[in-house]
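> Before we start, here is the structure in question, set down as structure tokens.
The values are calculated or read from the model by the stated rules, or taken from the named source; none is laboratory data. From a predicted model like this one, the values you see are computed outputs, not experimental measurements. Here the Cβ is made from the backbone with ideal geometry for all residues, glycine too, and neighbour counts use every protein chain on show. The accessibility values were calculated without ligands, DNA or RNA, using every heavy atom of the protein model including side chains. Shrake-Rupley method; radii C 1.70, N 1.55, O 1.52, S 1.80 Å.
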Amino acid sequence: MKIGIIPVGSYMTNCYIVIDEITNESIIIDPGDDAERLLDEFNKTGSHLNFIILTHGHADHTAAVAEFRSKYAVDVYMSKKDSELIEKEEYMFGEKNENANKFIKDGDVLKFGSKNVKCIETPGHTPGGMCYLIENSLFSGDTLFNNSVGRTDFPGGDYAAIISSIKNKLMKLDDNIKVYPGHGSETTIGFERRSNPFL
């Protein structure tokens with residue numbers, strides 16, 4: 001499995017291109033700002049895009065969805081809870097044309113190529129926050145960061161919920177799971193278990 005990381009926009013949001021090297025099929029996680037650059041980077045992979053998944057509905061994670069959907073006609077998945085906030089035009093959330101057309105919940109498994117994507121619901125940063133586990137790689141969105149956790153002062157944020165999500169969902173994973181967050185550098189579950197001051 002190959003993982004491409006492209007930080008984009010003023011918030012340096014990590015967009016991930018995940019490729020199954022066996023089948024050359026791929027998914028995109030959180031295509032944020034700078035659609036032209038992301039489209040160019042994706043085209044360089046020469047892979048076949050299966051679908052897009054969103055960790056949550058904030059605009060810095062959704063801003064390039066419309067352009068990708070227009071070019072590739074792929075499904076976009078996220079939690080219905082955050083999709084509803086986009087529809088309501090809630091502050092900080094993406095535009096309606098950036099919304100998902102497919103909904104996922106805790107425990108769902110998506111497939112691309114030979115890979116399984118396990119969906120883990122982690123509310124707190126937003127009501128519908130999701131993390132995605134692919135083999136030994138966790139894409140944590142704005143739930144868990146390197147030595148930090150996501151903000152909870154935006155609409156729908158809940159500090160108790162995010163701490164509960166991390167402790168009861170993510171900290172049950174193995175120490176060797178590599179964490180790819182929505183912003184900043186990678187970490188591991190083991191490191192966060194030992195060192196994250198919020199836990």
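> Mind listing just one residue for me: the one in the stretch 13-45 that is loosely packed, with under 14 Cβ neighbours inside 10 Å and not charged (D, E, K, R) and, of those, farthest from Asn99 (Cα to Cα)?
Ile22
> Just give me the residues in the stretch 50-92 being open to solvent by 10 Å² or more (accessible area, probe 1.4 Å) and touching a Ser or Thr at 6+ places or on another chain (Cβ under 8 Å), in sequence order.
Across the stretch 50-92, the qualifying residues are Asn50, Asp60, Lys81, Leu85.
> Looking at Met1, is it aliphatic (A, V, I, L, M), surrounded by fewer than 22 Cβ atoms within 10 Å (Cβ to Cβ) and in contact with a Lys or Arg (Cβ under 8 Å, 6 or more places away or on another chain)?
Spelling it out, Met1 is indeed aliphatic (A, V, I, L, M), surrounded by fewer than 22 Cβ atoms within 10 Å (Cβ to Cβ) and in contact with a Lys or Arg (Cβ under 8 Å, 6 or more places away or on another chain).
> Considering Lys96, Lys169, Lys115, Lys105, which residue is closer than 23 Å to Tyr77 by Cα, basic (Lys, Arg) and open to solvent by less than 40 Å² (accessible area, probe 1.4 Å)?
Of the residues listed, the single one that is closer than 23 Å to Tyr77 by Cα, basic (Lys, Arg) and open to solvent by less than 40 Å² (accessible area, probe 1.4 Å) is Lys115.
> Quick one: in the stretch 61-83, of everything that is of a type outside the set (Val, Ile, Thr), part of a loop (DSSP other than H, G, I, E, B) and in contact with a strand residue (DSSP E or B) (Cβ under 9 Å, 6 or more places away or on another chain), which residue is nearest to Asp158 (Cα to Cα)?
Ala63
> Would you point out which residue out of Leu133, Leu173 is assigned to a loop (DSSP other than H, G, I, E, B) and among the hydrophobic types (A, V, I, L, M, F, W, C)?
After ruling out the rest, the residue left standing is Leu173.
> Okay, moving on. With the requirement that a residue be of a type in the set (Val, Ile, Thr), part of a loop (DSSP other than H, G, I, E, B) and under 23 Å from Asn176 (Cβ atoms), what does the stretch 84-130 give you?
Residue satisfying the conditions is Thr122 alone.
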